[in-house]
Amino acid sequence: MATHRSAKKRHAQSLRRRARNNQIRKTVRGAVREVREAKAAGKAELPTLLADAERRLRRAASKGVMHKKTVSRTVSRLAKLAARQA
């Protein structure tokens, strides 16, 4: 455990960031899952779900939670999935 005051502060900051990043990752995973499930079920709201998932992914990249290229690849795959015929 940290002994210096500044080290204790940094540790507390890292725990807060970790919690925030985990929450962001969780919502991103949920949005991506919703798109995949909507496509499998043939739901009509697929375009809105896809837009929401892309928004969440891009925001995660801008916050530094996920890498920009990982996000681009995921968005591309989701768009390709959504465009694919049944």
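The values are calculated or read from the model by the stated rules, or taken from the named source; none is laboratory data. Since we're looking at a predicted model, the values are computed, not measured. Here the Cβ positions follow ideal geometry from the backbone for every residue, glycine too, while neighbour counts run over all protein chains shown. SASA here: full protein model, heavy atoms, side chains in, ligands and nucleic acids out. Shrake-Rupley method; radii C 1.70, N 1.55, O 1.52, S 1.80 Å.
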Filter result for the condition that a residue is over 21 Å from R84 (Cα atoms), assigned to a helix (DSSP H, G or I), in contact (Cβ under 8 Å) with a residue 12 or more places away in the chain and not small (G, A, S), over R17, R36, R25: R25
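For every residue, the table says whether it meets (1) farther than 21 Å from R18 by Cα; (2) in contact (Cβ under 8 Å) with a residue 24 or more places away in the chain; (3) touching a helix residue (DSSP H, G or I) at 6+ places or on another chain (Cβ under 6 Å).
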| position | (1), (2), (3) |
| --- | --- |
| P47 | yes, yes, no |
| V65 | no, yes, yes |
| K68 | no, no, yes |
| S72 | yes, no, no |
Among the residues of the stretch 28-86, how many are open to solvent by 100 Å² or more (accessible area, probe 1.4 Å) and at pLDDT below 95? 4
Yes/no for Q13 being open to solvent by 60 Å² or more (accessible area, probe 1.4 Å) and either at pLDDT 95 or above or of a type in the set (G, A, S) (or both): no
